[in-house]
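Reading through the structure tokens given below for one structure.
The values are calculated or read from the model by the stated rules, or taken from the named source; none is laboratory data. If you're wondering where the values come from, they're calculated on a predicted model, not measured in any experiment.
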Amino acid sequence: MNRKRKEKKKLISNLDTIFAVVITLICIAGFVNYTILRNKQVEIDRKMEVAKRHIKEYQADTNSIKVEIDRQISRFAIKSELKEMGSSMRERPDFVIERIYSADRPIALNASQLSAESNQYTSTSR
């Protein structure tokens, strides 16, 4: 009985210390995993920003190209350029111009239809 009195009582048992170490290791592993995933997320965010910047640059380039094409195709700009160059081309009224749509033309002609069309054009042009 005296021996039991002389022994000092442990505040924390061996099982408690093992449990505390395991919990600490789990927490450390969780924090390491969190930092790895967070760093990957930051890298992906940076890549997305770069991609968005490239998309905006391409859209701006596309818009400037469209504006340039519209400027070159503008019939008023073409008329003024022709006048400046002293071209012999003259303006035609719209009713003189015949518009041909693809639906009006046959898709494929056989040989007899081609010869008939060519004979029609040659006979009317004489």
Kindly provide the set of residues from the range 83-113 that are modelled with pLDDT under 80 and assigned to a helix (DSSP H, G or I), ordered by number. ASP94, PHE95, VAL96, ALA111, SER112, GLN113
Specify the residue that is modelled with the lowest pLDDT; the eligible residues are those in the range 34-82 that are small (Gly, Ala, Ser) and in a helix (DSSP H, G or I). ALA77
